[in-house]
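The values are calculated or read from the model by the stated rules, or taken from the named source; none is laboratory data. Bear in mind the structure is a predicted one, so any value in this text is a computation, not a measurement. Note that each Cβ is placed from the backbone with ideal geometry, even for glycine, and that neighbours are counted across all protein chains shown. Heavy atoms of the whole protein, side chains included, go into the accessibility calculation; ligands, DNA and RNA do not. Shrake-Rupley method; radii C 1.70, N 1.55, O 1.52, S 1.80 Å.
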Amino acid sequence: MTRKPRPATVCASRIRSRSVLGALLFPPALLVVKVLVLTTDRGGRCFVNDTGCAPFPVDAFEALLAAQVALEAVAVLLVVAFP
């Protein structure tokens with residue numbers, strides 16, 4: 001005897017699609033922000049002449065990026081686990 005899965009409600013489908021969309025849009029958002037920073041006067045001088053560059057906080061960026069990716073993974077898994 002096989003069980004038929006219950007159809008997803010409209011609300012669950014909406015949450016699932018928005019979660020997937022948010023996870024997919026995160027990398028392009030990083031790229032767009034980097035390009036916007038490089039278009040500023042200070043960013044352009046730093047990129048071309050290597051002057052006026054503040055040290056990039058790599059450790060903080062990696063920690064926040066790891067936290068963001070982990071939170072997105074948990075959110076997506078919760079949506080998948082509880083349709």
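Per the listing Leu36, Leu31, the residue uniquely under 20 Å from the mean Cα position of the chain (by Cα), more than 25 Å from Leu71 (Cα to Cα) and at pLDDT 85 or above is Leu36. May I ask you to verify whether Leu65 is surrounded by fewer than 11 Cβ atoms within 10 Å (Cβ to Cβ), assigned to a helix (DSSP H, G or I) and not small (Gly, Ala, Ser)? Criteria not met by Leu65.
Say whether the condition of being open to solvent by less than 60 Å² (accessible area, probe 1.4 Å), in a helix (DSSP H, G or I) and touching a helix residue (DSSP H, G or I) at 6+ places or on another chain (Cβ under 6 Å) is met by at least one residue in the range 44-59. No: zero hits.
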